[in-house]
1. Keeping all protein chains in place, calculate the accessible area per residue for the chain (probe 1.4 angstrom), answer in Å².
2. Contour minus end-to-end for Ala86 and Arg236, with contour as 0.36 nm per residue of separation and end-to-end as the Cα-Cα distance?
3. With the crude spin-label approximation of a point 7 Å out along Cα→Cβ, what separation in nm comes out for Arg172 versus His79?
4. State log₁₀ I(q)/I(0) for the chain at q = 0.08, 0.13, 0.14, 0.15 Å⁻¹ as given by the Debye formula over alpha-carbon point scatterers of equal weight, solvent excluded.
5. Using a 1.4 Å probe over the heavy atoms of the protein chains, calculate the carbon and sulfur portion of the accessible area of the stretch 25-133 as a whole percent.
6. With each run of n ≥ 4 DSSP H residues scored as -39500 (n - 2.57), what mean residue ellipticity at 222 nm is computed for the chain after dividing by its residue count and rounding to the nearest 500 deg cm²/dmol?
7. Grab every C-alpha pair in the stretch 182-307, bin the distances at 5 angstrom width from 0 up to the longest one, and report whole percents.
8. Using a 7 Å offset from Cα along Cα-Cβ at Glu277, what residues in the stretch 240-268 end up with backbone N under 20 Å from the label point?
Amino acid sequence: MTITQQDDAPSPQQDTGHTVRPGALYVVATPIGNLGDLSPRAREVLAAVDAIAAEDTRTSGVLLAHCGIQRPLLALHEHNEDRIAADLVRRLQGGASLALISDAGTPLISDPGFALVRAARAAGVPVYAVPGPCAAVAALSVSGLPSDAFVFAGFLPPKPGARRARLEQLGREPRTVIVYESAHRIGEALADLVAVLGPERRVALSRELSKRFEETYSGTAAGLLEWQAADANRSRGEFVLLIEGAQQAADLAEGERVLRLLLRELPASAAARLAAEISGAPRKVLYAAAVRLTGAQPENEDNSGPR
Ligand code: SAM
């Protein structure tokens, strides 16, 4: 089915000019907890495609029923994906339009869909994104950790030895690291985090993003352990863990060392600017540290300079 945009009714489809094209695959992001996060375009695409490939047809059935959408559902999960991808590509080549959704968030991000998208692309089938929620990006956006460069590393390994080895490897990564962790293992994972990366490493932990009990800790690894131990609810729900990059951590430690020296002779703003230049640490972060260390009144800092 194709619905073209009407000239007198601008709609969210104005960029693409269509809701769905025959023979195209739509990778549709769905909410990670808050149904209000399903975009109007996601609804329109899901209502318009010939069929929806879903990780768990029961879970997605609830979402679709909530939206009043009735389209045929096909199960596509990690156990059958390789097998049925070729079938689905044949349907697409025959002119059917399909949407791909997972239980929550963006398909393919620690979720099924890669085999289908790869097969569709290999066959020359058009694949369109219907972007939306993703726990990793949502957590990064509220973490207070550098977001200019980051690495998503999926789930940490469940076994302790492999988990510590992975944390050691990720701990050397220069960019901000994002991992998923389940409620069953969050306590052990955080204990390993402190043991492997040390108590001072900056980290963030988001739980229950977009849900009623959403909260995010941002601070040192040792502080995270205390924060989590302070409330039994903080071991429940869904978690995204973020680790500041090794280079960023090293730059910041050096920046703060230089800053303390310069503050003996210079006002906060000049000391922060020079310390940032010397260390490579972000000027704004050092300026905030300078204000904290000296008790100076924050100035209206110019935002146009380097970070
Ligand atoms: N495809 C999803 C996405 O785009 O984020 C991720 C699916 S993965 C199977 C599920 C994991 O994502 C959870 O174990 C948790 O680590 C993270 N996650 C999903 N929803 C979350 C939420 N609302 N708050 C925090 N973490 C969440």
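The values are calculated or read from the model by the stated rules, or taken from the named source; none is laboratory data. Predicted model, so just to flag it, every value in this text is computed and none were measured. All Cβ positions, glycine included, derive from the backbone under ideal geometry; neighbour counts span all protein chains shown. Side chains are part of the model used for accessible areas, which takes the heavy atoms of the whole protein and leaves out ligands, DNA and RNA. Shrake-Rupley method; radii C 1.70, N 1.55, O 1.52, S 1.80 Å.
1. Numbers: 15580 Å² over 307 residues.
Dividing the accessible area of the chain by its residue count gives 51 Å².
2. Numbers: separation 150, 0.36 × 150 = 54.00 nm, distance 3.89 nm.
Length gained between Ala86 and Arg236: 50.1 nm.
3. With each label placed 7 Å out from Cα toward Cβ, I get 3.8 nm.
4. Once normalised to I(0) and log-transformed, intensities are -0.48, -0.99, -1.06, -1.13.
5. On the way: 2550 of 4920 Å².
Reported share for carbon and sulfur atoms: 52 percent.
6. Values: 11 runs with 124 residues, N = 307.
Counting only the DSSP helices, I get -12500 deg cm²/dmol.
7. The percentages, shortest bin first, are 2, 11, 18, 16, 14, 13, 12, 9, 4, 1, 0.
8. Residues 251-268 qualify, since their backbone N sits under 20 Å from the label point.
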